[in-house]
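Worksheet: one structure, shown below.
The values are calculated or read from the model by the stated rules, or taken from the named source; none is laboratory data. Keep in mind it's a predicted model, so treat the numbers as computed, not measured. Backbone-built Cβ (ideal geometry, glycine too); neighbour counts: all protein chains shown. The protein model used for the area step is the full one, side chains on, heavy atoms only, and it has no ligands, DNA or RNA in it. Shrake-Rupley method; radii C 1.70, N 1.55, O 1.52, S 1.80 Å.
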Amino acid sequence: MPDQPRIKPVINLDEVAIEERSAFFQPPGSVADKFGSRSGMVGARIGARLLGYNITVVAPGKRAFPLHSHHANEEMFYILQGTGELRIGDERYSIRAGDFIANPPGGPEVAHQIINTGSEEMRYLAVSTMITPDAVEYPDSKKIATFSRQPQPDGSLRVLRQISREGQGVDYWDGE
């Protein structure tokens with residue numbers, strides 16, 4: 001087997017290309033006034049295997065994601081630029097550049113959301129464990145998402161994702 005080129009394990013912040021998120025994470029017209037963000041991938045580019053990390057950029061007045069909690073993964077955010085508000089469950093906290101934020105796995109009591117309430121772009125480093133499968137709970141909309149990432153022999157990634165509302169699933173034996 002030929003030697004694989006070694007991935008350079010370091011990247012400078014000014015080398016991280018900030019791009020539009022994938023189509024799955026682009027909010028449709030009805031919620032685009034509340035949500036929207038861009039990101040720059042870091043982790044995979046420098047060879048990370050057990051942690052995922054990126055730079056997330058959120059415009060004033062926007063949120064990157066709905067209020068949510070992960071049942072398997074832990075997330076950490078470090079605010080690089082800007083000011084905003086952090087929702088954790090029913091609590092709200094002011095946040096600004098230099099703040100670290102911990103989001104352990106759990107239910108609605110640890111659900112989190114970062115909102116840019118400032119007048120400039122907010123930029124933050126997002127770090128997450130990459131445990132799969134994971135279940136994600138969305139308390140505001142009462143949705144539950146489950147997903148799994150499976151590396152394929154050809155190097156691609158197979159992603160399974162299911163989103164529904166609690167109680168809208170089918171019976172285990174349905175369709176068998």
Hey, I144 touching an Asp or Glu at 6+ places or on another chain (Cβ under 9 Å), within 23 Å of F35 (Cβ to Cβ), open to solvent by less than 40 Å² (accessible area, probe 1.4 Å) and β-branched (V, I, T) or not: no
How many of the residues in the stretch 124-156 are in contact (Cβ under 8 Å) with a residue 12 or more places away in the chain, farther than 19 Å from A102 by Cβ and not in a strand (DSSP E or B)? 5
So which of E91, E121 is out of contact with any His (no Cβ under 9 Å at 6 or more places or on another chain) and open to solvent by 70 Å² or more (accessible area, probe 1.4 Å)? E91
When residues of the stretch 159-172 are filtered for being over 23 Å from I55 (Cα atoms) and within 18 Å of the chain's Cα centre (by Cα), how many remain? 4
Members of the stretch 38-59 found to be among the aliphatic types (A, V, I, L, M) and surrounded by fewer than 18 Cβ atoms within 10 Å (Cβ to Cβ), listed by number: M41, A44, I46, A48, L50, L51, A59
Taking the stretch 147-171 as the search range and keeping residues that are more than 22 Å from M41 (Cα to Cα) and among the polar types (S, T, N, Q), which one is surrounded by the fewest Cβ atoms within 10 Å (Cβ to Cβ)? Q168
